[in-house]
Each structure stands twice: as structure tokens, then as C-alpha cells.
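Okay, so here's the structure we're looking at.
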Amino acid sequence: MTTVFSRVAPQQYQPHRLHGADRAWPETNCYVDLWIELLSAYGTTPEAMLGFTITQDYEGDQFTFFKVPLEDLESLYGIVVTELAQYDSVEAHVATQIERGRLCLVEMDSYFLPDTAGTTYRTEHGKTTVGINRIDPDAASMDYFHNGGFFELSGEDYAGVFQHDVAPGLRWIPYTEFAKFPATPVPVEQLRDTARQLLRHHLKRRPASNPLAAYAAVFAGQVEQVAERGMDFFHLYAFNTVRQFGANFELLASHLEWLDAAEFGEEIVAARQISDTAKTTQFMLARAVARHRFEPLETALEPTVTAWNALMAGLDDKVG
């Protein structure tokens, strides 16, 4: 039975510190969380990839679902990620790539993922991305990275994620990538040099105007509409707004701390101010939706607006 990372096992797996319980946002979004754990399992430093978070924008109805650019993975780590064309079963392709030492990232239905117990497992369908480290079609089992951990599934769950009960011609074809990892990780000092260059590159690509100011201007009005649609809709709204920018800027703070905590001390404080305010605002948002009282939200985001301006001005001086 072949695996990509042979030294990891679901029963003994320890998530990376970026997914620690002490974090304001222990999980961010499925794609970035997945790469944090994949890079950790490979033996390198996930913090190096996080400079791209500086480009997050407010898109009018949501904050950018931040995803590490594939070219950054190649520049930093020498990892090449390519879309996997499929003409056979997903299982057959995944098994072939794992035999070649390549890990597949596959979109799957969280309804069949046991690690989502308490949220979507066996209760509702949802699209998410997992990284398959081991697959055994004969035993109907696999080990997979998902969100902030490493898990296993088998039996009916295995049949569900690979759509065994759906006729072949009617199966949804999941978007799948495969990652080619170099034999040895890049040295840390080389990572720092490249990461600083990428941070400078992404700083030039940041939003032209303050995205948190744009969001703050419409936030209270949006919440009044959210309240009319109930708590289920609230959770979807919060995930794609306050949670996205809160988690994004906590990761940016970790990136700057890894680059040089002394040099970027003020910018780290500003990024954490954005993250912590988002966390507080999410609680305020839940209360406002439940009680239909929206006045406290009118100024809730003001600290994030000030912090974003200070963060960008500081990085312009030190990196730009």
C-alpha cells in the first residue's frame, strides 16, 4: 500500500501550529488549511507562503476566498501543481499518481467526510477539497488531509465520496489537482529570501483602496437583510465575510512574524488588530441577528479600517 508521506498516520497526527487551539481562527478555508498541513507533512514551513494574503479585497458581496497562488508554491518550494485530466475513475487516477509519489487534491462532498461530524457529515452536502495521501480501492479506504488535520475513511463513506451508487455516466467529475514534491525541502533561509520578494510583489497587487472601509460602509445594512433569513443564512454570510478577512489577516501576521518579528512588529500588531476585531464582530453579528438590534454594528469595524491603513503604510516603507 503506497503513501505519499509515509511518516504520518491519522491516529497520531498533530496539526501544524497555525491550526492550534490558541489561534483566533484555528481554521481558515479548506484550500489554505489543506496546504498548511501538506507543507508541514512534507517537512517545510507553511508560514513562508502566506504573503499573498495581503491582496485580499472586498468583492461587494464577500471577501476574497484567499488561495495560495500555484506559482508561489513553485517559486518558494519547487512544488508543481497541475490539473489532473480524468478519463478513468477518480480512484484509478489517484492510485496511479500516489504510486508516483504525487499527492492529489480532490473536490469531494463533505456529507461523506467523517471529520465534519457535527457540521455537515451525514446532514448536508457541501463542496470541499481534500488531499489524498493513501488509497486502497480493494479495501475501500483512504487517508486524507482536510481542513486542519489528517483523517481516514472507509466503507460507506468511501463509496459515497467516489459516487459508487451513481451510474458512471451520471457521476459528477470533481476538479482534481496533483502536486509534485521535490525530493528534499528548500533551505529555510532561501525560503525567507523568496518570501520577501513575493511579499513585495503582492504588495503591489493589493487593493487600490481600503477594502475594510468599503465593507464597513455597507455592513450594518447587509446584516439587517441577513437577519431576515435566519441563523442558517447567517453562518454562510459570516463565513464569507468576517471570518474570511479575520483568518486572512491572522495568517498575514504569522507570515510577518516568521519573516522578521522585530522588523515588522508594528505591522504584526495591525494585522492582529484586524483579525481580533473580526472575531469580536462575528459575536456581535450573531447577537444582532438573534435580537434584531443593529446599532452596535455601525462602528464595529472602525478599528479594522485604521489598522489596514497603518499596515499598508508600514509595509510600503519596509518592503515596497
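Does any residue of the range 144-159 turn out to be closer than 26 Å to Ala247 by Cα, among the acidic types (Asp, Glu) and at pLDDT 95 or above? Spell out how you get there, then give the answer.
Step one: filter the range 144-159 for residues closer than 26 Å to Ala247 by Cα, giving 144-151.
If we keep only those that are among the acidic types (Asp, Glu) as well, we get none.
No: the range 144-159 contains no residue that is closer than 26 Å to Ala247 by Cα, among the acidic types (Asp, Glu) and at pLDDT 95 or above.
If you take the residues in the range 259-282 that are among the charged types (D, E, K, R) and in a helix (DSSP H, G or I), which one is farthest from the chain's Cα centre (by Cα)? Working first, answer last.
First, pick out the residues of the range 259-282 that are among the charged types (D, E, K, R): 260, 263, 266-267, 272, 276, 279.
Narrowing the set further to residues that are in a helix (DSSP H, G or I) leaves 260, 266-267, 272, 276, 279.
Values: Asp260: 23, Glu266: 25, Glu267: 22, Arg272: 18, Asp276: 18, Lys279: 17 Å.
Going through the qualifying residues, I end up with Glu266.
Those residues that are closer than 17 Å to Trp258 by Cα and in a helix (DSSP H, G or I), I need them from the range 45-71; list them, please.
Hits for the range 45-71 are Pro46, Glu47, Ala48, Met49, Leu50, Gly51, Phe52, Thr53, Ile54.
Scan the range 72-86 residue by residue and report those that are assigned to a strand (DSSP E or B) and surrounded by 16 or more Cβ atoms within 10 Å (Cβ to Cβ). If you could, list the steps in order and put the result at the bottom.
From the range 72-86, those assigned to a strand (DSSP E or B) are 80-83; that's our starting set.
Result: Val81, single match.
Name the residues in the range 84-125 that are touching a strand residue (DSSP E or B) at 6+ places or on another chain (Cβ under 6 Å), farther than 26 Å from Pro182 by Cβ and of a type in the set (D, E, K, R), would you?
Asp115, the sole residue that qualifies.
I'm checking my understanding of the structure. Among residues of the range 278-320 that are within 16 Å of Ala253 (Cα to Cα) and in contact with a Gly (Cβ under 8 Å, 6 or more places away or on another chain), which one is surrounded by the most Cβ atoms within 10 Å (Cβ to Cβ)?
Ala278
The values are calculated or read from the model by the stated rules, or taken from the named source; none is laboratory data. Just so we're clear, the structure is a prediction, and the values are computed from it rather than from any experiment. Every residue, glycine as well, gets a Cβ built from its backbone with ideal geometry; the counts of neighbours run over all protein chains shown.
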